[in-house]
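Visitor: First, the structure itself, so that you have it in front of you.
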Amino acid sequence: VDSRPGEGSCFTLSLMLSSVAAASMVEKDLPIVCGYLGARRSIMVVDDDPVHRGLMVDLLVPLGFEVLEARDADSCLRQLSAVQPDLLMVDVSMPGMNGHQLAAALRASGEEIPLLMVSAEAQEPSAQPGLNSNYDGYLVKPVRFQVLLEHIGRLLGIEWQYAAESPRPAVIQPADGGARIPAALGARLIEYAELGYARGIRETLESALQDGGIPAALERELRELTAQIQFPRVIELVEQHSE
């Protein structure tokens, strides 16, 4: 720590981390989930943020899940008196009763529904499954689509269905010698693709097309890939054409 009165402080931290020898296993090589076998499953998302609830709806409904929404712990408890979802996704930070308190109350009442805790804080003391008997898994926001599916598959014993591998998209080469999109736009599209947020990609593409920030041919290609849930291909194509 280098601290000077009236000027401020500078903190330096050194971490002993392993290096990546080879990036042989990357997310874009994973098969694309398009659904699951068996009866329809229901998931209740308990979160005071409507944007996050909407994101979960966009991610899970196309795969065949029924998604129930609860804006807080009280809403969750009221709904559980009438419905029995297969899985609960509970946000840690909520007004009133927080996620941990809700989980403890459910377990104290004998409720055994699998519970997946979701938090923006990665350093919670009980962040690892098994360290807290009130929940069965822990996710850190922003939720990664593949990690989310891994938890759901484990907790519900789901057998996933996978989309047939489609050909890699051809690199578009317009008359101007190569379509380019602004770096900020590319970063936003990649972020949404990593999350599997199809609606966010579509809305961003629509706005960029209206503003002239993306060539029509490239926009059309990205929209088609998004409709096919080809998020790794979206990332690949955006990276090829980002400034």
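Visitor: Run the quick spin-label model on THR12 and ALA120: label points 7 Å from Cα toward the beta carbon, then report their separation in nm to one decimal.
Guide: Computed distance between label sites THR12 and ALA120 equals 3.2 nm.
Visitor: Hey, rough spin-label estimate for GLN146 and GLN161, points 7 angstrom out along Cα→Cβ, what's it come to in nanometres?
Guide: About 2.3 nm separates the two model spin labels.
Visitor: Then there's this: What distance in nm lies between label points placed 7 Å from Cα along the C-beta direction at ALA184 and SER42?
Guide: Label at ALA184, label at SER42, 4.3 nm between them.
Visitor: How much length is gained if the chain between ARG199 and SER93 is pulled fully straight, taking 0.36 nm per residue apart and subtracting their Cα-Cα distance, in nm to one decimal?
Guide: 35.7 nm
Visitor: A further question on this structure: How far is the Cα center of region 1-16 from the Cα center of region 56-78, in Å?
Guide: The two parts, judged by their Cα centres, are 44 Å apart.
Visitor: Can you figure out the FRET efficiency of ASP211 with ARG78, using R₀ = 41 Å and their beta-carbon distance, to the nearest 0.05?
Guide: 0.40
Visitor: Right, here's the next one. Quick one: net charge around ARG40, please, counting Lys, Arg +1 and Asp, Glu -1 for every other residue with C-beta under 11 Å from its C-beta.
Guide: -1
Visitor: Gain in length, GLU66 to GLU191, computed as 0.36 nm per residue apart minus the alpha-carbon separation, to one decimal in nm?
Guide: Here the answer is 42.5 nm.
Taken together, the values in this text are just the output of simple stated rules run on the coordinates, not laboratory data. This one's a predicted model, so the numbers in the text were calculated from it and none came from an experiment. Neighbour counts run over all protein chains shown; Cβ positions are idealised from the backbone, glycine included.
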